[in-house]
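The values are calculated or read from the model by the stated rules, or taken from the named source; none is laboratory data. Not measured: the values here are computed from a predicted model. So basically every Cβ, Gly included, is an ideal-geometry build from the backbone, and we count neighbours across all protein chains shown. Ligands, DNA and RNA are excluded from the accessible area calculation, which covers all protein heavy atoms including side chains. Shrake-Rupley method; radii C 1.70, N 1.55, O 1.52, S 1.80 Å.
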Amino acid sequence: MTVPPPTVSEDILDPAVESRGLSVWYGRKQAIRRVDLKMARHDVTAIIGPSGCGKSTYLRSINRMNDTILGCRMEGELRVDGEDVYGPGVDPVLLRRKVGLIFQKPNPFPKSVYKNLAFGVQLHYRASPSDLDGVVEAALRQANLWDEVKDRLDDSALGLSGGQQQRLCIARALAIEPEVLLMDEPCSALDPVATAKIEDLIFELKKEMTIVIVTHNMQQAARVADYTAFMYLGRLVEFDRTRDLFEKPHEELTENYITGRFG
Amino acid sequence: MRRTTERAYVVAFLAGIGVAVATLAVLLGSILAAAWPRLSWNLVFNFSNSTDPSTAGYAAAIVGTLWLVGLTLLFSLPLGIAAGTYLEEYAGHGRTTRLLQAGVTNLAGVPSVVFGLLGLALFVRALGLGAIILAGALTLTILVFPYVVITTQEALRAVPSSIRDAALALGATKWQSIRRQVLPAATPGLLTASILAAARAMGETAPLLVIGALFLQTFLPDGPEDPFVALPVQIYAYSTLPTGTWGGVAAAGMVILLGMLFSFNIVAIVARNRLQRHRW
């Protein structure tokens, strides 16, 4: 092929998240191999690729959730807001306040809707009861959930539908005002209607924060993401503006994947 | 052929349950039959004696057992829950952990009379407490401790790791995640731990005999520093007297003991079910 490789990375001058030569191992198994990637501020970056390609591992290394996995080890550099996340003196607890994570399966606490929201806020701020009420309402509104739950704030969060639970988890993360929101296949357990609501939400949220979403669903990446990265066997194969990646991929591997020849 | 085999297994399982239910029924039936002529409120309000079965009662034993069980729970629950939380959430998977774990498991299998000897040597003699309620409760605490640890671990294991992840991802420290989310979510299981501990403490006879519980007590214990008799010990004491006249008194004591045990379990189970409204 004669088309020059994409140089979109060079256009991202002030990335919110940036990795250089990032490698991650689980015990002896290498899950990520020297990945260089930049996430543009206030944009949505999707990471796509087949199961086991390392996309979730990459996502979780951004807020150091991999630290909790026994035998997990990393090399290379990862910066959030220019600050080395794995540098000495970095407290992963403070990092996670800045970098929220939404899990594949909605995981509300087995408590009331209100307490789900209040937990994170109370960890980080000393809020009066009325302030707390305000923060809870604002976060639920921001997650487009307020109208559905305003009359059942004291009911168990586990009584909500799957889609509502996932938006509750998003609201819970929003309540502590993260700068970056990581989403690990947030819609894979949801029906199409609930999925559409989350995608609408992503559009609104990117005005306020940088979003990185891992997804199995290529249509979803095409719909919500400004940039898309394709990973395969722990390597970054291609990274480009979403439309360019889907319409004129440079790598054969990318083309085979997005046209459904493997996956 | 396959259907016959299938049916044979179901019959075998039913037979197993049948044996269990029948044993329980015979046990309860025979105790009630023996106790029936003796059942009266005098049993609860009268003190023990060894001369007149018609007036002998369990007043001191009931109060003694309440003291013992209460103190044992007070000591063993915080200790056991702390140890179980450490082993399950903090200790990792190294050799030391496996050794500690094996120690706890083996402790649960030690015959209770051995704990009695330990209690006698350590609390009654070395610490000079004497045969008082506190010494009994401390002995029972060592006895139920491994059960509390193991049940706590099971309760924590039943809390999905997604709850821990959710708390950590919100910027909670490990302890904040355990204290504010994992332990509360494990509360129903922790109540099971308290049921087991209380049932064990209520029913133990041998260790209390060894450390020197009384047989005849004609006053109510006022506090942890008083000598004591416990229900199972009192039942045993009555059963050593001539069976013809005293067997009914002993059986009536068993009815009281079982009644206390069941009431405690019912309270704990109701509390557990109320807590289980919020469940994943």
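Numbers for the structure displayed
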read-out: Value of relative contact order over chain B, rounded to a whole percent, pairs C-alpha under 8 Å and six or more apart; value: 28
read-out: Of every Cα-Cα pair in the stretch B:163-264, the percent that sits beyond 22 Å; value: 53
read-out: Axial C-alpha extent at least 18 Å, average Kyte-Doolittle at least 1.6 - helices from chain B (DSSP); value: B:59-85
read-out: Convex hull volume of chain A per residue (C-alpha atoms, cubic angstrom); value: 129
read-out: Options B:Ala197, B:Val44, B:Ala167, ranked by Cα towards positive dipole end of the stretch B:42-278, top entry (Cβ charges); value: B:Ala167
read-out: Exposure rank, largest accessible area first [A:Arg28, A:Arg141; 1.4 Å]; value: A:Arg28, A:Arg141
read-out: For the stretch B:203-246, alpha-carbon Rg over 2.2 N^0.38 Å; value: 1.22
read-out: Only Lys, Arg (+1) and Asp, Glu (-1) charged, at Cβ; the protein assembly as shown dipole about Cα centre in debye; value: 1400
read-out: Share of carbon and sulfur in the accessible heavy-atom surface of chain B [1.4 Å probe, %]; value: 69
read-out: Helix-derived mean residue ellipticity, 222 nm - over chain A, DSSP H n ≥ 4, -39500 (n - 2.57), to 500; value: -10000 deg cm²/dmol
read-out: DSSP bridge pairs, the protein assembly as shown: antiparallel proportion in percent, nearest 5; value: 60
read-out: Convex hull per residue volume in Å³, alpha carbons only, for chain B; value: 196
read-out: Cα-based reach from A:Lys55 at 18 Å (exclusive), listing lysines while leaving out same-chain residues under 8 positions away; value: A:Lys29, A:Lys38, A:Lys105
read-out: A/B buried area, accessible surface, summed, 1.4 Å probe, Å²; value: 1900
read-out: Under 20 Å from the Cα of B:Lys174 - lysines, other chains or at least 8 residues apart; value: A:Lys98, A:Lys111, A:Lys115
read-out: Unit charges on C-beta of K, R, D, E only; dipole of the stretch A:14-258, Debye; value: 720
read-out: C-alpha long axis of helix A:113-124 to longest principal axis of chain A, angle in °; value: 70
read-out: Summed residue charge, Cβ within 13 Å of B:Ile142's Cβ, Lys/Arg positive, Asp/Glu negative; value: 0
read-out: Exposure rule at most 12 other beta-carbon atoms within 10 Å, DSSP loop trypsin sites (Lys or Arg not before Pro): chain B longest free segment; value: B:1-276
read-out: Solvent exposure of the stretch A:79-224 as accessible area per residue, Å², 1.4 Å probe; value: 42
read-out: Interface residues in the stretch A:61-89 - accessible area drops by 10 Å² or more relative to the isolated chain, probe 1.4 Å; value: A:Met65, A:Thr68, A:Leu70
read-out: Antiparallel bridge percentage (DSSP; both residues within chain A; nearest 5); value: 60
read-out: Rel. contact order, % - alpha carbon contacts under 8 angstrom, at least six apart, the stretch A:14-258; value: 29
read-out: Cα convex hull volume per residue for the protein assembly as shown (Å³); value: 233
read-out: Sequence-separation-based contact order of the stretch A:92-175, relative, with Cα cut under 8 Å and 6+ spacing, percent; value: 49
